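Let me begin by presenting the structure, written as C-alpha cells, before commenting on it.
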Amino acid sequence: MKRIIKYLSILSAGIFLFSCGGNYPPLETVESVDIQRYLGKWYEIALLPNRFEEGCFCTTAEYSLIDSETIRVINSCNKKSADGKLDQAKGKAFVVEGSGNSKLKVQFFWPFKGDYWILELDEDYQHVLVGSPSRKYLWILARTPQLDRDIIDSLLTTAEQKGFDTSKIIYADQSCYN
C-alpha cells in the first residue's frame, strides 16, 4: 500500500510539474536576486491551495547551494496537525539563464521541472512573493513564521495586479512556532 501511495504522489507531482509549461500572459519578476542572500529558511505565510500541500502545517522551504549552478531545496511540513509527522520533499532548483536569478526551474522528480518565479522581494530579503506564469501557484514566504498583516495585504495586492486570483488564498498554519 505504501508503494502505491508513493507512486501516486510521484505521478501527481510529475503531472503538476509537466503542466507548468505553456503560453501565458507576461508575468514580471523582480529585476535581480542575490542568491546568497536568498538562501536559508523561509516560512510559508499564505498560498493558493495545491494538492501537494494538503494537510500541511508549519510549512517551510530551505535553500542551500549544491554548486555554482544548482540550489538544494527542502520543503518540510507536519502532516495533519502542527505536531504531526514531519514530511519532506527534497529537490533541486536551477536558475533560468538571463533572468537575473529571479526565475528558477525547480525539480523534485526527474525529468519534470516547475516554474518558481520571484515576483516581489523585500530589499532586506525578509519576505517574498513567488508564483508561476500559469497563475495557478502562488506563495508568500517570510523569514519568520508570522508576517505583519499590512505586508501580506501589500503582497496580495501585487499578486492580484499580476493576474492571480487572490480570493482563493489560504493562510498557512504556523502554530508549532508560537
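Readers should treat all values here as calculations from the given coordinates under stated rules, not as data from a laboratory. What you are looking at is a predicted structure, and each value in this text was computed from that prediction instead of being measured. As a convention, Cβ positions derive from the backbone with ideal geometry for all residues, glycine included, and neighbour counts pool all protein chains shown.
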**OP:** Taking every Cα atom in region 41-104, find the radius of gyration and the maximum pairwise distance Dmax, and write them in Å.
**Re:** 13.5, 42
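If you average the sequence gap of Cα pairs under 8 Å that are 6 or more apart and divide by the length of the chain, what percent do you get for the contact order?
On the way: 344 pairs, mean separation 47.0, N = 178.
This gives 26 percent for the chain.
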**OP:** Once you've got the Cα coordinates, tell me which of 85/168; 113/162; 85/113; 80/103; 85/105; 41/85 are over 24 Å apart.
**Re:** 85/168; 85/113; 80/103; 85/105
**OP:** Please report, in whole Å, how far the alpha carbons of the chain spread along each principal axis, starting with the longest.
**Re:** 46, 38, 32
**OP:** Convert each backbone phi in region 95-104 into a coupling constant with the Karplus relation 6.51 cos²θ - 1.76 cosθ + 1.60 (shift: θ = phi - 60°), then list the ³J(HN,Hα) values in order as whole Hz, x for Gly and Pro.
**Re:** 6, 7, 4, x, 9, x, 6, 8, 10, 10
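How would you rank 126-136, 56-66, highest first, on the average number of other Cβ atoms within 10 Å across their residues? Before the final figure, lay out each step's value.
On the way: 126-136: 20.2, 56-66: 16.8.
Going from most to least packed, we get 126-136, 56-66.
Given the -39500 (n - 2.57) contribution per DSSP H run of 4+ residues, what per-residue ellipticity at 222 nm results for the chain, rounded to the nearest 500 deg cm²/dmol? Walk me through the intermediate numbers first.
Values: 3 runs with 34 residues, N = 178.
It comes out at -6000 deg cm²/dmol, rounded to the nearest 500.
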